[in-house]
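Report on the following structure.
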Amino acid sequence: MSPRAHEVLARTQEADGSWKGDYGGPLFLTPVYVAGLYVMGQAPEARTRDGMIAHLRAHQNADGGWGLDVESPSLVFTTVLNYVAQRLMGVDATDPELVRARAWFLPRGGPLGSGSWGKFILALLGLYDYDGLTPVPPEPWLLPRALPFHPSRLWCHCRMVYLPMGWLYGRRARAVETPLLAALRRELYPQPYASVDWKGARSQVAASDAYTHRSVGLRAVNRVLGLYERVHSKWLRARALKECLALIRGEDEATHFICIGPINKVLNAVVWHLARPDGPEVRAHRERLPDYLQHSPDGVKINGYNSSQLWDTAFAVQALVGSGQAAGARDTLERAGRFLEAEQVLEDSPHPSRNHRHPSRGGWPFSTRAHGWPISDCTAEGLKACLVLEPLGLNRVPRERLAQAVEFILSLQNRDGGWSTYEQQRGPRWLERFNPSDVFSGIMVDASYVECTSACVQALVAWRRAQPGAPVGRAIARGVDFLCRTQRPDGGWEGSWGVCFSYGTWFAVTGLVAGGMKPGDAVLRRAAAFLMAHQREDGSWSETIQSCRERRWVDGTTGHAVTTSWALMSLVATGDADSEVTRRGVAWLRARQGADGRWPPEPLAGVFSRTCAIHYDTYLRIFPPWALALTQRGSAA
Ligand code: LAN
């Protein structure tokens, strides 16, 4: 195994001990940011603007459109929004690339064919009539919390987007009219703007944008909401707007105005711009906008999160120690240990119950403490990283704080024995049938995931080893049971946050083995057979985002080092390190490494909502060397 790869990891560490990189990929974040600024009467500064235009140019598809992410086929949603964003940043309508984009979206109905979130952003700009939106009223926030469809029961990312949407919709918020907006209304539609049938437009969506179909139930709800909109009481609306604003304030305060993600960050800022134009909230929001900006070789973009620092750092630590590199990497690990210490959440968010928040104390977020939303598996990986640093004398988090992390993890376990992301499952799974987004799947309910469950099981096992007698046995057993139950008949597990079955299967088998399952167990034999069946002739493994979209293993055109690493690490866990299959995989992975110790770029390995790919910048530096080290040790053992 080559130590060069570990030097690469050590060399790319930030001064604060973390790894911080590009978290781009999605192509709907930059235009929402640009549109939000425009509504607030602002524009990105020149360098950012030029970089954003360059980024969009670099990722325009051959057909003239833009995909949901940099690798996906064109959608009307992202094509219209990125067209508008470039126009708002000063690109002329006669620009050849924009002419090509128009030629793609006009035959598909222009904004009328867009997935629902695109229509909403356009309505905010005055480029789409509010009558053409399926209603997103603020009133549901006033319903009794006990109802199974109260908005507080939605997955936090979804509800935090629909919260400011509800406020903006309730106010019919709209940018100040400009000649540019008037010109855009002429450019975007295949017919004159004045002749659009807005009521009919509500149910319209182009085939490219209809990933989740609109169920009978959803269509019925939309009709009822449409009727309600016609008769709604002004008094109730005012109360609902007030409630939304209070909850928006709660989110802003809990996250130091970073907000849970880039979409609600922009929408909340717009809300305050309209609610209190010169208020302190607008200033506070503006200061935190750059947190999401990413300057990269392929231009400037809005990251999918304020960063992925904690996640990357926790894995980097485990990879270095797990590869037997601790002695040579003490300084690196020492700095990483400081970062882990600095970013653990020490207190609950303000008024958690009022703001529908789960207690946060002891958890780790995906990015930084200031972000304020700890997550089950980020806490688990943070805890595991601290525990591998401990015997080296490099863990800086005191025992009682590690115990708080364990408490946080235990508090999140679901009734089915699994773990969701940020909260316990709050809503029934059938809420997903009312998903109004068109382009995102699985966003309504925070249900148990194989990845989160495995990470939490592993962390609890590590804790029990460090603290014998810790009362975590039952939680571990229930988690293991969840992992067994979710194995598919073909022997694999479907991942939700990485591409796709190789990722899910890696988590599942490492969780099961940590939980005490032995290599001969039928569950692990089936998992190994599943992976072996997907090995390519050249010894590699490969999966693409199509796996997630189609929910079946879809190979890429070449082997992928990250996929191959997950498969190899899984085979070590199932007791197959010393097999011909593993040897061929290792040979492929070694041959693929460049002279500089790095593995060449490959398709995006992260995903969310089954449809959107996202870039994990450190994965190519973490998983291949880790897999090579483990296969070597596994076969020696
Ligand atoms: C993330 C990023 C981190 C990720 C892991 C911790 C890796 C995962 O194990 C659990 C889920 C989580 C927290 C996650 C969920 C979905 C997110 C927040 C993202 C992929 C980053 C961006 C994405 C967010 C939903 C994008 C905005 C789009 C919407 C549909 C709201």
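Per residue, the accessible area of the chain comes to 36 Å², computed with a 1.4 Å probe over protein heavy atoms only. The amide H of Tyr449, built 1.01 Å from its N in the peptide plane, has Trp419, Ser420 as neighbours under 5 Å, considering only residues 5 or more places off or on other chains. Evaluated with a Cβ-only charge set (Lys, Arg +1; Asp, Glu -1), the chain carries a dipole of roughly 1480 debye about its Cα centre, given to the nearest 20. With respect to the chain, whose longest principal axis is taken over its alpha-carbon atoms, helix 309-322 is tilted by about 10°.
Per residue, the chain reaches -15500 deg cm²/dmol at 222 nm when only DSSP H runs of four or more residues are counted, each adding -39500 (n - 2.57). Using Cα positions and a limit of under 25 Å, work out the lysines in reach of Lys265, with same-chain residues fewer than 8 apart set aside. Of all the lysines, those that pass the test against Lys265 - Cα under 25 Å, at least 8 places apart if same chain - are Lys20, Lys119, Lys242, Lys301. Short-range pairs are left out: with C-alpha atoms under 8 Å and at least six residues apart, the relative contact order of segment 476-528 is 35 percent. Between segment 511-545 and segment 415-489, the C-alpha centres lie 21 angstrom from each other. Against the main long axis of the alpha-carbon atoms of the chain, helix 473-485 sits at an angle near 70°. For Lys518, a cut-off of 18 angstrom between C-alpha atoms picks up no lysines at all, skipping any fewer than 8 places away in its own chain. Taking Lys and Arg as +1 and Asp and Glu as -1, the other residues whose beta-carbon sits under 15 Å from that of Gly473 total +3. Spatially, segment 26-41 and segment 205-267 are offset by 18 Å when compared through their Cα centroids. Taking all Cα pairs closer than 8 Å and separated by 6 or more residues, the relative contact order of segment 29-302 comes to 26 percent.
The listed peptides 349-362, 479-492, ordered by packing as a protection proxy, come out as 479-492, 349-362 (highest mean of other Cβ atoms within 10 Å first). Surface listing: Ser579, Ser540 arranged by accessible area from highest to lowest gives Ser579, Ser540, probe 1.4 Å.
Across the chain, C-alpha contacts under 8 Å between residues 6 or more apart give a mean separation that, scaled by the residue count, equals a relative contact order of 16 percent. Using the average count of surrounding beta-carbon atoms within 10 Å as a protection proxy, the listed peptides 9-19, 591-601 rank, highest first, as 9-19, 591-601. Ligands, DNA and RNA left out, the 1.4 Å accessible surface of the chain is 55% carbon and sulfur atoms.
Helix 234-254 axis versus longest C-alpha principal axis of the chain: approximately 30°, rounded to the nearest ten.
Under 1.5 on a/c is rounded, so check that first for segment 29-302, then, if it is not, pick prolate when a/b is larger than b/c and oblate when it is not; a ≥ b ≥ c are the square roots of the alpha carbon gyration tensor eigenvalues. Cα axes put segment 29-302 in the oblate bin.
Ordering 612-621, 371-380 by mean Cβ neighbour count within 10 Å, with the highest value first, yields 371-380, 612-621.
The values are calculated or read from the model by the stated rules, or taken from the named source; none is laboratory data. These numbers were taken from a predicted model, which means no experiment stands behind them. Using ideal geometry, Cβ is built from the backbone for each residue, glycine included, and neighbour counts are taken over all protein chains shown. Only protein heavy atoms, including side chains, enter the accessible area calculation; ligands, DNA and RNA are left aside. Shrake-Rupley method; radii C 1.70, N 1.55, O 1.52, S 1.80 Å.
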